């Protein structure tokens, strides 16, 4: 082996000949799955009495550029489950195709059984773990909202390592730092979800989306919100935060010419 710093670890040219770089050339398309370029930020969700509410903004950022402002990052599965995606948009589209193929296969199945949210979360966590084990991870952090096999509200997350976590309220991205404290204040951990109404959960998510818009540089004032109940899924994909303005900044000490 060559021990010169600039070529450390390669076979020595004087013994094995010059390294042939032609083996690295390919006629296939360039892929960048190891360095996500277009990404979405926070997904926020909370359980309530009789279901789960989940929200995500419609922005896909190209680095620090707010490039795509109409990317819907909530996906409905079989009118019973909603999957919220944070992270790489191309990997989100890949997982979306997987979900479509599963949905078609389930609808053509003759056994009459359908996947619930808990089943779907288990499947997706295994997919994420498999790709991580192949050193080709899907750069996503997902939330799965719906019902388990016993008909109870279900909410759980899975990340690019295949790590799973369940809680009465969850968030991905910056929402884990900004939205979770709000939800913990409104709905303490010792508060049973039977005491949380649908209206309270939706109002809390709207407050979280407002805070994220002001505090997260990769967020947007347009968002999607879904409410999962046993009656079905109520999905709104073009909601807008009302009366949003940066005029309040003029009253902050130290802003602009104001120094006192």
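For residue 144, are the conditions met, namely being closer than 23 Å to residue 77 by Cα and either surrounded by fewer than 17 Cβ atoms within 10 Å (Cβ to Cβ) or touching a residue at least 12 places away in the same chain (Cβ under 8 Å) (or both)? Taking the combined requirement at face value, the residue satisfies it. Per the listing 106, 194, 100, the residue uniquely touching a residue at least 40 places away in the same chain (Cβ under 8 Å) and either surrounded by 12 or more Cβ atoms within 10 Å (Cβ to Cβ) or over 26 Å from residue 216 (Cα atoms) (or both) is 194.
For the stretch 169-179, the criterion of being out of contact with any helix residue (DSSP H, G or I) (no Cβ under 8 Å at 6 or more places or on another chain), part of a helix (DSSP H, G or I) and over 24 Å from residue 77 (Cα atoms) is met by at least one residue. Would a scan of the stretch 160-167 turn up a residue that is over 14 Å from the mean Cα position of the chain (by Cα) and touching a residue at least 24 places away in the same chain (Cβ under 8 Å)? Within the stretch 160-167 (the criterion being over 14 Å from the mean Cα position of the chain (by Cα) and touching a residue at least 24 places away in the same chain (Cβ under 8 Å)), the answer is no, since none of the residues qualifies.
Restricting 241, 212, 205 to those that are modelled with pLDDT under 90 and closer than 25 Å to residue 39 by Cα reduces the list to 241. Within the stretch 124-138, restricting attention to residues that are buried (at least 16 other Cβ atoms within 10 Å of the Cβ) and at pLDDT below 95, the residue that is farthest from residue 76 (Cα to Cα) is 132. Counting only strands (runs of 3 or more DSSP E) that sit wholly inside the stretch 61-155, those with at least 1 residues that are within 22 Å of residue 170 (Cβ to Cβ) are 74-77, 81-88, 140-147. Scanning the stretch 158-165 turns up one or more residues that are surrounded by 23 or more Cβ atoms within 10 Å (Cβ to Cβ) and in a strand (DSSP E or B).
The sole residue among 40, 17, 28 that is at positive phi and either surrounded by 18 or more Cβ atoms within 10 Å (Cβ to Cβ) or modelled with pLDDT under 95 (or both) is 17. Tallying residues that are closer than 13 Å to residue 173 by Cβ and either crowded, with 23+ Cβ neighbours inside 10 Å or in contact with a strand residue (DSSP E or B) (Cβ under 7 Å, 6 or more places away or on another chain) (or both) within the stretch 201-219 yields 5.
The values are calculated or read from the model by the stated rules, or taken from the named source; none is laboratory data. The structure displayed is predicted, hence computed values, not measured ones. Virtual Cβ from ideal backbone geometry, glycine too; neighbours counted across all protein chains shown.
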